[in-house]
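Below you'll find the structure, written out as structure tokens, and then a few comments.
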Amino acid sequence: ETGVTQSPTHLIKTRGQQVTLRCSSQSGHNTVSWYQQALGQGPQFIFQYYREEENGRGNFPPRFSGLQFPNYSSELNVNALELDDSALYLCASSLAANTEAFFGQGTRLTVV
Amino acid sequence: ILNVEQSPQSLHVQEGDSTNFTCSFPSSNFYALHWYRWETAKSPEALFVMTLNGDEKKKGRISATLNTKEGYSYLYIKGSQPEDSATYLCAPQTGANNLFFGTGTRLTVIP
């Protein structure tokens, strides 16, 4: 198992609510990326943080936002939840751009 | 958004058989190609990161080749074992930060 941990593992939210997902990166990794995996699809890139700054963003609306802290842990915040936000959210940490990324086990979000 | 295609979508093989999967991607703006192995209820596990055209990587019974000019990569498993059962994902990388995952090939190895 990798050193990347995500919390919570599962949660259920109501449409319109806000949610915060957390990720602790592998020791020494300064880059964290977040992905959304909807049913039947591959993971889709949401955004990446490098040394506390956003370093690239995928095709997701502004209600998806994030933070990275000085210890390189990260949060993904989603406002005004929609039913289609139901998915597995994965975070991955890496040391450099084209090196392997280490994934957490994900947070399963269900929006009802 | 990149159009990444993996084939087949799923396959079943007998223990001991060798098998291979394909990952196709647009060859422009290529930076690197990642292969991941994802077992049910576990985290995706990195297998290879490949950057050079013609590159070939090997880890035990698993190997991969890369053709960046025509935009494809093959993953080979020699002598499949039940523990190889997983979904295999490829992810081309077009810049410093963005992996575009395919939908994966789901492999089941029958004992």
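Here are some notes:
- Note on the range B:68-111: residues that are of a type outside the set (Ser, Thr, Tyr), open to solvent by less than 30 Å² (accessible area, probe 1.4 Å), over 9 Å from the mean Cα position of the chain (by Cα) and away from every other protein chain (no Cβ under 14 Å) total 6.
- Of the listed requirements (1) within 13 Å of chain A (Cβ to nearest Cβ); (2) open to solvent by less than 40 Å² (accessible area, probe 1.4 Å); (3) under 17 Å from A:GLN41 (Cα atoms); (4) not hydroxyl-bearing (Ser, Thr, Tyr), B:GLU39 misses just one: (2).
- The condition of being within 27 Å of B:ARG106 (Cα to Cα), within 14 Å of chain B (Cβ to nearest Cβ), in contact (Cβ under 8 Å) with a residue 40 or more places away in the chain and among the polar types (S, T, N, Q) holds for only one of A:THR31, A:THR5, that being A:THR5.
- Verdict on A:GLY56 being under 17 Å from A:ALA96 (Cβ atoms) and open to solvent by less than 70 Å² (accessible area, probe 1.4 Å): yes
Yes or no, residue by residue, for (1) among the acidic types (Asp, Glu); (2) more than 12 Å from the chain's Cα centre (by Cα); (3) assigned to a strand (DSSP E or B):
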{"site": "A:ARG15", "(1), (2), (3)": "no, yes, no"}
{"site": "A:CYS23", "(1), (2), (3)": "no, no, yes"}
{"site": "A:GLY28", "(1), (2), (3)": "no, yes, no"}
{"site": "A:SER33", "(1), (2), (3)": "no, no, yes"}
{"site": "A:GLN41", "(1), (2), (3)": "no, yes, no"}
{"site": "A:ILE46", "(1), (2), (3)": "no, no, yes"}
{"site": "A:GLY56", "(1), (2), (3)": "no, yes, yes"}
{"site": "A:ASN59", "(1), (2), (3)": "no, yes, no"}
{"site": "A:PRO62", "(1), (2), (3)": "no, yes, no"}
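- A:LEU90 being in contact with a strand residue (DSSP E or B) (Cβ under 8 Å, 6 or more places away or on another chain), outside any helix (DSSP H, G or I) and away from chain B (no Cβ under 12 Å): no
- Close contacts from the range A:35-58, counting a first residue that is at negative phi and more than 9 Å from chain B (Cβ to nearest Cβ) and a second that is surrounded by 15 or more Cβ atoms within 10 Å (Cβ to Cβ) and in a loop (DSSP other than H, G, I, E, B), with Cβ to Cβ under 6 Å and a gap of 6+ residues or different chains, come to A:ILE46/A:GLY58; A:ILE46/A:PHE60.
- Filter result for the condition that a residue is closer than 30 Å to A:THR9 by Cα, out of contact with any Asp or Glu (no Cβ under 8 Å at 6 or more places or on another chain) and modelled with pLDDT of 95 or more, over B:GLN6, B:GLN14: B:GLN6
- Scanning the range A:5-35 for residues that are at pLDDT 95 or above and open to solvent by less than 20 Å² (accessible area, probe 1.4 Å) gives A:VAL19, A:LEU21, A:CYS23, A:TRP34, A:TYR35.
- Of the residues A:PHE69, A:PHE64, the single one that is more than 13 Å from chain B (Cβ to nearest Cβ), open to solvent by less than 20 Å² (accessible area, probe 1.4 Å) and without any contact (Cβ under 8 Å) to a residue 40 or more places away in the chain is A:PHE64.
- Residues of the range A:36-47 satisfying the condition of being among the small types (Gly, Ala, Ser) and either in contact with a Pro (Cβ under 9 Å, 6 or more places away or on another chain) or open to solvent by 30 Å² or more (accessible area, probe 1.4 Å) (or both): A:GLY40
- Evaluated against (1) of a type outside the set (A, V, I, L, M); (2) in a strand (DSSP E or B); (3) surrounded by fewer than 18 Cβ atoms within 10 Å (Cβ to Cβ), B:ASN29 falls short on exactly one condition, (2).
The values are calculated or read from the model by the stated rules, or taken from the named source; none is laboratory data. A quick note: this is a predicted structure, and the numbers were derived from the prediction, not measured. No Cβ is skipped: glycine too gets one built from the backbone with ideal geometry, and neighbour counts run over all protein chains shown. Calculation scope for accessible area: heavy atoms of the full protein, side chains included, ligands and nucleic acids excluded. Shrake-Rupley method; radii C 1.70, N 1.55, O 1.52, S 1.80 Å.
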